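For reference, the structure discussed in these notes is given below.
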Amino acid sequence: MTSSVQPIPVLSSRILPSSAAGDAPRLGSLTYLTAPDPRSGDAPTELTVEVGPHGESATETWTAGEPVLRGEYAGIRYAACREFVFCTGRIEEGGAYADATHRFYEDVFTLLARLGYPRLVRVWNYIGDINGVTSQGQEIYRDFCVGRSHALEQLGMLHGMPATTVIGVRGGGIGFAMIAARTVEPVNVENPRQIPAYRYPPRYGPRSPNFSRATYVPPPGAGGRGTAYVSGTASIIGHETVHVGDVRAQARTTLENIELLIGAPNLARYGIGEGFGLEDLRRVKVYVRHAEDIPAVQAVCSRLLPPSCAAVYLQADVCRRDLLVEIEGLAA
Ligand SMILES: C=C(O[C@@H]1C=C(C(=O)O)C=C[C@H]1O)C(=O)O
């Protein structure tokens with residue numbers, strides 16, 4: 001009997017203005033709207049969030065080039081191809097989020113284990129009123145971090161989380177999207193000039209955030225290029241916010257952080273035999289806190305990013321009040 005080895009499907013994605021997103025079969029999508037969505041709820045594995053009115057709206061779609069199987073577990077919707085699964089879910093608006101976030105992360109890992117996709121590649125969490133406070137007076141972002149950290153501690157995963165974005169959006173509650181893989185071995189990468197977020201000192205909250213600065217996914221076949229998924233990155237050196245009040249300098253520092261993170265010298269520390277520059281960024285999502293800062297951030301990014309990089313500028317809050325801009329992206 002002969003057996004044929006099927007190639008691993010390539011995870012691909014693109015970003016378009018939300019009105020032009022089309023209906024191609026997809027694993028899932030993230031839609032950023034600049035006004036409340038008149039449709040109620042999200043379609044399966046299509047997470048929609050509302051960002052501020054002064055930036056762009058956009059849809060990022062994720063496809064795998066092969067049929068997907070859809071399902072739902074504990075309110076989490078998923079779409080899976082052979083190698084990747086895309087999951088979305090929501091926590092409804094409430095007085096506090098730690099317990100619900102704890103349960104949500106437990107459910108996600110139960111689902112991924114049952115489906116057989118144990119390796120997380122990318123995580124997004126969109127939090128309503130992220131810098132507001134819970135009924136107990138805790139900042140909502142910090143409360144979310146408490147729940148996430150408790151769940152991950154229980155699962156023995158405090159240090160194992162992949163590239164992540166946590167951004168503030170309009171409306172209440174928390175929207176989640178995650179991508180996990182069945183067999184490919186993602187490599188989580190830290191930034192040499194930032195301390196790992198899980199080691200942030202307690203002044204940033206009772207429980208540290210749990211994520212890696214980037215996740216590298218090797219090429220599906222010999223000789224190809226891998227992909228570096230870059231977490232939401234900001235103007236942080238060590239653990240401190242730098243350039244408080246100066247959005248241009250924050251944008252420049254953020255791009256320097258990304259350059260150091262995905263460059264060959266840093267990736268070599270993880271045994272990865274390739275590297276990326278800013279010129280390899282295929283796409284970035286740029287989150288800008290204040291509407292009036294968008295042109296300045298656009299100017300910095302268009303100077304430092306290649307014309308081939310698709311950039312969208314979204315008006316949204318960032319996890320620390322003194323951060324005015326955050327950039328996530330992917331390089332390939
Ligand atoms: C900007 C930062 O953190 C943000 C918060 C994250 C989280 O809590 O998972 C992940 C990336 C960023 O969206 C940072 O700490 O550098």
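The values are calculated or read from the model by the stated rules, or taken from the named source; none is laboratory data. These numbers come from a predicted model, not from an experiment. Using ideal geometry, Cβ is built from the backbone for each residue, glycine included, and neighbour counts are taken over all protein chains shown.
Here the condition is being at pLDDT 95 or above, buried (at least 16 other Cβ atoms within 10 Å of the Cβ) and hydrophobic (A, V, I, L, M, F, W, C); of ALA264, ALA228, ALA268, it holds for ALA228 alone. Among residues of region 30-80 being among the hydrophobic types (A, V, I, L, M, F, W, C), in a loop (DSSP other than H, G, I, E, B) and without any contact (Cβ under 8 Å) to a residue 24 or more places away in the chain, the one that is surrounded by the fewest Cβ atoms within 10 Å (Cβ to Cβ) is ALA35.
Which members of region 271-282 meet the condition of being in contact with an Asp or Glu (Cβ under 8 Å, 6 or more places away or on another chain) and surrounded by fewer than 19 Cβ atoms within 10 Å (Cβ to Cβ)?
Initially, region 271-282 is screened for residues in contact with an Asp or Glu (Cβ under 8 Å, 6 or more places away or on another chain), giving 277-278.
The one that is in contact with an Asp or Glu (Cβ under 8 Å, 6 or more places away or on another chain) and surrounded by fewer than 19 Cβ atoms within 10 Å (Cβ to Cβ): GLY277.
Does any residue of region 174-187 turn out to be within 11 Å of the ligand (Cβ to nearest atom) and part of a strand (DSSP E or B)? Scanning region 174-187 turns up no residue that is within 11 Å of the ligand (Cβ to nearest atom) and part of a strand (DSSP E or B). Go through the residues of region 194-210 one by one and say whether even a single one is of a type in the set (Ser, Thr, Tyr), within 15 Å of LEU330 (Cβ to Cβ) and within 12 Å of the ligand (Cβ to nearest atom). No - not one qualifying residue is present in region 194-210.
Only a single criterion out of (1) assigned to a loop (DSSP other than H, G, I, E, B); (2) within 12 Å of the ligand (Cβ to nearest atom); (3) out of contact with any strand residue (DSSP E or B) (no Cβ under 6 Å at 6 or more places or on another chain) is not satisfied by ARG148, namely (1). Just to check your reading of the model, which residue among THR253, THR227, THR233 is out of contact with any Asp or Glu (no Cβ under 9 Å at 6 or more places or on another chain), of a type outside the set (Gly, Ala, Ser) and under 20 Å from ILE167 (Cβ atoms)? Of the residues listed, the single one that is out of contact with any Asp or Glu (no Cβ under 9 Å at 6 or more places or on another chain), of a type outside the set (Gly, Ala, Ser) and under 20 Å from ILE167 (Cβ atoms) is THR253.
Do we have LEU158 as more than 10 Å from the ligand (Cβ to nearest atom), assigned to a loop (DSSP other than H, G, I, E, B) and not acidic (Asp, Glu) here? Walk me through how you get there before you give the answer.
Details: more than 10 Å from the ligand (Cβ to nearest atom): yes; assigned to a loop (DSSP other than H, G, I, E, B): yes; not acidic (Asp, Glu): yes.
Judged against the criteria, LEU158 is a match.
What's the number of the only condition in (1) part of a helix (DSSP H, G or I); (2) crowded, with 23+ Cβ neighbours inside 10 Å that TYR117 fails to meet? Unmet for TYR117, out of (1) part of a helix (DSSP H, G or I); (2) crowded, with 23+ Cβ neighbours inside 10 Å: (1).
Contact map, region 226-249: residues that are over 13 Å from ARG320 (Cβ atoms) paired with residues that are acidic (Asp, Glu) and within 10 Å of the ligand (Cβ to nearest atom), Cβ distance under 6 Å, separation 6+ or inter-chain. Pairs shown: VAL230/GLU328. On the given criteria, is VAL244 of a type in the set (A, V, I, L, M, F, W, C) and in a loop (DSSP other than H, G, I, E, B)? Yes. Just name the residue that is nearest to the ligand (Cβ to nearest atom) out of those in region 220-241 that are part of a loop (DSSP other than H, G, I, E, B) and within 14 Å of PHE276 (Cα to Cα). Result: GLY226.
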